[in-house]
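Presented below is the structure to which this report refers.
The values are calculated or read from the model by the stated rules, or taken from the named source; none is laboratory data. These numbers were taken from a predicted model, which means no experiment stands behind them. We place every Cβ from the backbone using ideal geometry, glycine too, and count neighbours over all the protein chains shown.
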Amino acid sequence: MLRVIGCIVQLHDLRLVTLAACICVLASGTTANLLYLVQNNRARIRWSGLLTTSIVFGCGIWALHFVAMLAYMPGVPVAYDVATTLASIAVAVIGTFAALLAWTYCPAETGGFVIAGSLLGLTISAMHFCGV
């Protein structure tokens with residue numbers, strides 16, 4: 001555990017790490033608030049609300065990841081491919097939308113939360129894979 005903390009302190013710009021943490025808190029709070037507003041609306045409003053929430057959360061997890069990558073200072077030049085970076089945003093938003101659809105429309109008795117959580121975990125993993 002001390003090695004991980006040492007790596008964060010020595011090889012990362014702590015200002016950017018703090019910014020990434022703030023982005024995480026802001027995106028999570030906004031997502032929770034939007035989901036609360038969406039859950040009791042009519043079907044048409046629910047779809048647009050889920051899409052909006054997916055964009056907020058997908059862009060939030062992408063921004064958290066990208067700012068954290070910018071914070072890492074390996075001591076060698078680092079560059080990012082624009083197409084791959086944009087693809088990772090699309091993966092985050094589309095995967096989040098799929099997870100939120102599962103959360104909304106799959107009953108809890110049939111494992112809807114497990115399906116939604118698994119989809120969200122796969123989405124975050126795929127976004128990290130695309131973005132690195």
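Here are a few things to note about the model shown:
- Qualifying residue in region 65-74 (condition: farther than 24 Å from residue 126 by Cβ and touching a residue at least 40 places away in the same chain (Cβ under 8 Å)): yes
- The set of residues from region 81-121 being surrounded by 14 or more Cβ atoms within 10 Å (Cβ to Cβ) and over 23 Å from residue 66 (Cα atoms) comprises 101, 102, 103, 104, 106, 112, 115, 116.
- Annotation note: Cβ proximity below 9 Å between a residue of region 107-123 that is farther than 13 Å from residue 95 by Cβ and a residue that is modelled with pLDDT under 90 and exposed (fewer than 14 other Cβ atoms within 10 Å of the Cβ) (sequence gap 6+ or interchain) occurs for 112/105.
- Any hit, region 63-85, residues being of a type in the set (D, E, K, R) and assigned to a helix (DSSP H, G or I): no
- Residue match in region 78-86 (condition: in contact with a strand residue (DSSP E or B) (Cβ under 9 Å, 6 or more places away or on another chain) and closer than 21 Å to residue 130 by Cα): yes
- Residue match in region 32-48 (condition: at pLDDT 75 or above, closer than 15 Å to residue 63 by Cα and hydroxyl-bearing (Ser, Thr, Tyr)): no
- Filter result for the condition that a residue is within 28 Å of residue 14 (Cα to Cα) and over 16 Å from the mean Cα position of the chain (by Cα), over 82, 93: 82
- Unique match (being out of contact with any Ser or Thr (no Cβ under 7 Å at 6 or more places or on another chain) and either closer than 30 Å to residue 17 by Cα or basic (Lys, Arg) (or both)) among 37, 101, 70, 50: 70
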